[in-house]
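Here the structure comes first, spelled out in structure tokens, and everything after it is commentary.
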Amino acid sequence: MQTHYFIALSLPTEVKRQLKKHYDHLTMHFPFQKPVHELDYHITLAFLGAHDETILQQVMNDIAATTTALNTFPLTIDGYGTFGNSKAPRIFWNRLQHEQALFDLQQMIADHCRAHGIQLETRPYNPHITVARKWAGENEFNSELLEQQNPFAKNPIQFLADEIVLYRTNLTATPKYENIASITLKKSMDRS
């Protein structure tokens, strides 16, 4: 089995705890077979697949050189979404409000990856945080009920995106994503 890699934004520990708590509360109405371990929560920026770690380290070095001028930026989690069949989704995820800085960062990282010959997905970028996989409900998934039960409707979670991580996937471990290189964005002095 090949090792796969991806570049992502890490999440603060407290944000991971809150997301897990909300997900656990929803499982009675929205059961999935494979919940994601809370330590594996992240926002993917580029899925790289199987590559030589030397090339990936060069990509991270290029990203680090480009991001020296980038500041942390705010992100807001405000709900849930799904991928796959609307009646029996394969992926359950947390939704992020649109933040242009995230899309700009993702595009810059994609450009660096392609410059090193790494082929990336061609679908439009849809930032999210996967929390579970494979619908396990006896009845069809009910997106209207999910919006009614959305714990973020009145209390969205806000945090600063401040760390870009190169993760290695280990499917036999729990948690299964290993941080092998990271880049810390600088904190902005002006948050007015």
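If I stretch the segment between HIS25 and GLN119 completely, what's the gain in nm (0.36 nm per residue apart, minus their alpha carbon distance), one decimal?
Fully extending the segment from HIS25 to GLN119 adds 30.0 nm.
What do you reckon, how do THR72, THR82 stack up by accessible area (1.4 Å probe), largest on top?
Listed by decreasing accessible area, they come as THR82, THR72.
Over the chain, average the accessible area per residue using a 1.4 Å probe and give it in Å², no decimals.
Heavy-atom accessible area per residue stands at 56 Å².
Can you compute the modelled spin-label distance between ASP111 and ASN155, with each label point 7 Å from Cα toward Cβ, in nm?
4.1
Rounded if a/c is under 1.5, else prolate if a/b beats b/c, else oblate: with a ≥ b ≥ c from the C-alpha gyration tensor eigenvalues square-rooted, which is the range 3-75?
Here the range 3-75 falls in the oblate category.
Using Stokes-Einstein with the Kirkwood hydrodynamic radius over Cα pairs, what translational diffusion coefficient do you get for the chain at 10 °C and a viscosity of 1.306 mPa s, in µm²/s rounded to a whole number?
For these conditions, the coefficient is 90 µm²/s.
Do any trypsin sites (Lys or Arg not before Pro) in the range 75-107 lie in a loop, going by DSSP, with at most 13 other beta-carbon atoms within 10 Å of their beta carbon, and if so which?
Passing both the DSSP loop test and the Cβ count: LYS87.
Relative contact order for the range 55-192: what percent, with Cα pairs under 8 Å and sequence separation of 6 or more?
In percent, rounded to a whole number, it is 34.
Using alpha carbon centroids, what distance separates the range 150-175 and the range 55-127, in Å?
12
Could you compute how fast the range 137-187 diffuses translationally, taking Rh as the Kirkwood radius over C-alpha pairs and applying Stokes-Einstein at 25 °C with viscosity 0.890 mPa s? Give it in µm² per second.
164
Looking at the range 67-162, which GluC sites (Glu not before Pro) are DSSP coil and have at most 13 other C-beta atoms within 10 Å of their C-beta?
GLU121, GLU138, GLU140
State whether the range 94-192 is rounded, prolate or oblate according to the following rule on the C-alpha gyration tensor (a ≥ b ≥ c being the square roots of its eigenvalues): a/c under 1.5 gives rounded; otherwise a/b larger than b/c gives prolate, and the remaining case gives oblate.
Because a/c hits 1.5 or more and a/b fails to exceed b/c, the range 94-192 counts as oblate.
At a 1.4 Å probe radius, carbon and sulfur cover how many percent of the accessible area of the range 135-192?
42
Can you tell me the length gained on complete extension of the stretch ALA50 to LYS187, counting 0.36 nm per residue apart and subtracting the Cα distance?
46.1 nm
Once neighbouring chains are kept in place and the probe is 1.4 Å, which whole percent of the accessible area of the range 1-77 is contributed by carbon and sulfur?
About 53 percent, which is the carbon plus sulfur part of the accessible surface.
Evaluate E = 1/(1 + (r/R0)^6) for LYS134 and ILE180, where r is the Cβ-Cβ distance and R0 equals 35 Å; express this FRET efficiency to the nearest 0.05.
Efficiency at R0 = 35 Å is approximately 0.80.
Against the longest principal axis of the chain, how steep is helix 13-26, in degrees 0 to 90 to the nearest 10, with axes from Cα atoms?
20
The values are calculated or read from the model by the stated rules, or taken from the named source; none is laboratory data. Everything numeric in this text was worked out from a predicted model, so none of it was measured. Note that each Cβ is placed from the backbone with ideal geometry, even for glycine, and that neighbours are counted across all protein chains shown. Accessible surface is based on the protein model in full, side chains and every heavy atom, while ligands, DNA and RNA are left aside. Shrake-Rupley method; radii C 1.70, N 1.55, O 1.52, S 1.80 Å.
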